[in-house]
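The values are calculated or read from the model by the stated rules, or taken from the named source; none is laboratory data. Computed from a predicted structure; not experimentally measured. Cβ: placed from backbone, ideal geometry, glycine included. Neighbour counts: every protein chain shown. Heads up: the accessible areas ignore ligands, DNA and RNA and are worked out on the full protein's heavy atoms, side chains in. Shrake-Rupley method; radii C 1.70, N 1.55, O 1.52, S 1.80 Å.
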Amino acid sequence: MTSKASLKLRILVVGGGITGLAAALKLARAGHNVRVIEKSRTRKKVCGLRVPPNLTRILDEWGLGEEISRYGSTTTGSECFSSSVFQIQNSNHSLTPFISVDTGDFLGHFTWQEAVMDEVGAPFLLMHYQDLHNILYQAASSAGVHISLGTPVIQVETHPPRVRLATGEVIRADLIVGADGSDGITREVVEGCKVEDAVDEMSFSVYIAAISREQLKKDPDLDAFTRTECGGPQCPLWMKTSSHAIAFAVRGGSEYMVHLFWPDDLRNHNANPPRTLDVAITREKLGITGDSKLMRLLDLCPTLQRRRYTRKGAPSNWTDSSGRIVLMGEAAHPSFPCITHSASLHVEDAEVFGWLLSRLHNMEQLPHLLGGFEDIREERCRAVHEKERMGMQMMWLPPGPQRDARDHMFRAMMLREGWDEEDLRMQWEEVGQTFGYNAQEAVEDWWVSWGMLRERNLKP
């Protein structure tokens, strides 16, 4: 049960994606009056979503566990998968086969061992982005959040806090939450300038497509990817120099999501693509060749949606000088699109922020609580983003000794017979800090160490 704040604020959330809706839900349950402003009319997005245990744990605690279980598939098993080198047998663990884009050679697989996942205490799900968004939308609406779609914000002011809409309407608030992304208007206000792209050696776009199960049934090899009858869908990962692809079934295997990460400078259709995040690209313009199964999957996609990655540096502060605008999600800690923790860090933000504001009883507290939010979240987000970057660099290795060592490691893992205590300990050390992270425990620890101490010092 979420505590109720003694002082109830009027809070305006700019951005109605997963970050904004999750924050609005948690804040409304803490007793605040919350409105969400979203510029898109529908907020529909074609994208698969990985929902790791640190996210499923929060959603379950919010009372949404049954709904996410209905729409998500737990990655606990695999049908047989054949390649030119190896074959994967049915497994009772999450399994990600690693495949060469160029040759289709099966390089190995990675499994989350049952003992490790039991210690984590929550499942790893695969979902459609839209399903989680819809769940949060309905939950926020039921909690009393007023959600305005198709409502662009053209100006944000801080004295007093208010936004001006494209319609001319001005909405006043006690606090503005910027959940409108790394290039959104709220970050520009907090930074005091336009947010420029940062230099990054990893320049790429993600091409995304959804394929129906009916289309895949015509090809038995491809249809096997979608089956969930043996405990969970496969999540094959194709790797190539400076690129990779990942695909998985969603919605009970009725749809198959393909995500192709491809360098911008290797695409022959546009050397300097516009910065737009969502543009339809026809299959023939990709000019990609390689593993026959991956090519056959792509051939079933007449068009793919491109999301171009443009790196944004992290803001110097998450809160503006007035203490009335706070950033979260992509606005506060930009990351790669369509990665493992694309949604989990954002919902963790919402959990921590909502918990802190449930302790609000006077406005003098607010700057301290906003500072605490950044203290709790900034290091966590930086560590996870660095882990994600290292993982992508590992997948993108060029031919050479490092790639050979990587492939040898994958094959050795696949051929291993049994896991001893040392093996399990090493895997726990690998995932415990990410999957085992508990946002509520983190904020409670901060409150005991710093929040309550300040409260005592302020008492006469």
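With n ≥ 4 as the cut-off for DSSP H runs, can you work out [θ] at 222 nm for the chain, using -39500 (n - 2.57) per run divided by the number of residues, rounded to the nearest 500?
Using -39500 (n - 2.57) per qualifying helix, the result is -10500 deg cm²/dmol.
Carbon-plus-sulfur fraction of the accessible area of the chain, 1.4 Å probe, in percent?
On the chain, the fraction of accessible area on carbon and sulfur atoms equals 49 percent.
Determine how large the accessible area of R70 is when every protein chain is in place; take a 1.4 Å probe and give Å² rounded to the nearest 10.
Rounded to the nearest 10, the figure is 140 Å².
Assuming 0.36 nm per residue, please report the length gained on full extension of the stretch D404 to D118 beyond their Cα-Cα distance.
This chain segment gains 99.7 nm when fully extended.
Which order do the peptides 27-33, 403-409, 111-117 come out in when sorted by mean C-beta neighbours inside 10 angstrom, highest first?
Numbers: 27-33: 22.3, 403-409: 14.0, 111-117: 19.0.
Per-residue Cβ counts within 10 Å, averaged per peptide and sorted highest first, yield 27-33, 111-117, 403-409.
Which ³J(HN,Hα) values in Hz, rounded to whole numbers, follow from the phi angles of the stretch 314-329 under the Karplus curve 6.51 cos²θ - 1.76 cosθ + 1.60, where θ = phi - 60° and Gly and Pro get x?
Taking θ as phi minus 60°, the curve returns 5, x, 5, 9, 8, 10, 7, 5, 7, x, 10, 10, 10, 9, 8, x Hz for the stretch 314-329.
Counting alpha carbon pairs within less than 8 Å and at least 6 residues apart, what relative contact order, in whole percent, applies to the chain?
Taking the mean separation of contacting Cα pairs over the length of the chain, I get 23 percent.
Would you mind putting 344-352, 205-213, 321-329 in packing order, based on average other-beta-carbon counts within 10 Å, highest first? List each step's numbers first, then the result.
Numbers: 344-352: 27.4, 205-213: 20.1, 321-329: 23.3.
Going from most to least packed, we get 344-352, 321-329, 205-213.
Using the Cα centre of the chain as the reference point, and only Cβ charges (+1 on K/R, -1 on D/E), how large is the resulting charge dipole? Debye, rounded to the nearest 20.
1780 debye
Evaluate the distance, in nm, between pseudo-label points positioned 7 Å from the Cα of D375 and of V46 along their respective Cα→Cβ axes.
Simple spin-label model gives 4.6 nm for this pair.
Hey, what's the chain come to in accessible area per residue, 1.4 Å probe, Å²?
Computed with neighbouring chains in place, this is 43 Å² per residue.
Long-range amide H contacts for I147: which residues qualify at under 5 Å (H placed 1.01 Å from N, peptide plane, sequence gap of 5 or more or a different chain)?
V36
What residues from the stretch 319-346 fall in the zone where the backbone N is under 15 Å from a label point 7 Å along the Cα-to-C-beta line of V170?
No residue passes the distance filter.
Testing the spin-label approximation: label points 7 Å from Cα along Cα→Cβ at S142 and K217. State their distance in nm.
3.3 nm
Nearest 10 degrees is fine. How inclined is helix 421-435 to the longest principal axis of the chain, computing both from alpha carbons?
The answer is roughly 40 degrees.
Pick out, from G418, A405, M395, the residue whose Cα sits farthest towards the positive end of the charge dipole of the stretch 369-459, with +1 on the Cβ of Lys and Arg and -1 on the Cβ of Asp and Glu.
It is M395, whose Cα lies furthest towards the positive end.
For the stretch 353-366, just list the computed ³J(HN,Hα) in residue order, Karplus coefficients 6.51, -1.76 and 1.60, θ = phi - 60°, integers in Hz, with x standing in for Gly and Pro.
5, x, 4, 4, 6, 6, 9, 6, 10, 7, 5, 5, 6, 4
If R0 is 30 Å, what FRET efficiency do you get for Q155 and M202 from their C-beta distance, rounded to 0.05?
Values: r = 34 Å, r/R0 = 1.13.
That pair, Q155 with M202, gives E of 0.30.
What whole-number distance in Å separates the alpha-carbon centres of the stretch 15-80 and the stretch 147-164?
Rounded to whole Å, the Cα centres lie 24 Å apart.
Charges on Cβ only, +1 for Lys and Arg, -1 for Asp and Glu, centred on the Cα centroid of the chain; of H159, G354, G63, which one is farthest towards the dipole's positive end?
H159
For the chain, I need the span (max minus min coordinate) of the C-alpha atoms along each principal axis, in Å, sorted largest to smallest.
Rounded to whole Å, the extents work out to 73, 51, 41 Å.
Where both partners of a DSSP beta bridge lie in the chain, what percent of those bridges are antiparallel, to the nearest 5?
The answer is about 75 percent antiparallel.
In the full protein assembly as shown, how much of Y137 is accessible to a 1.4 Å probe, in Å² to the nearest 10?
Rounded to the nearest 10, that gives 70 Å².
Residue separation times 0.36 nm, minus the C-alpha to C-alpha distance between S321 and N33: what's the value?
In short, 101.4 nm is gained.
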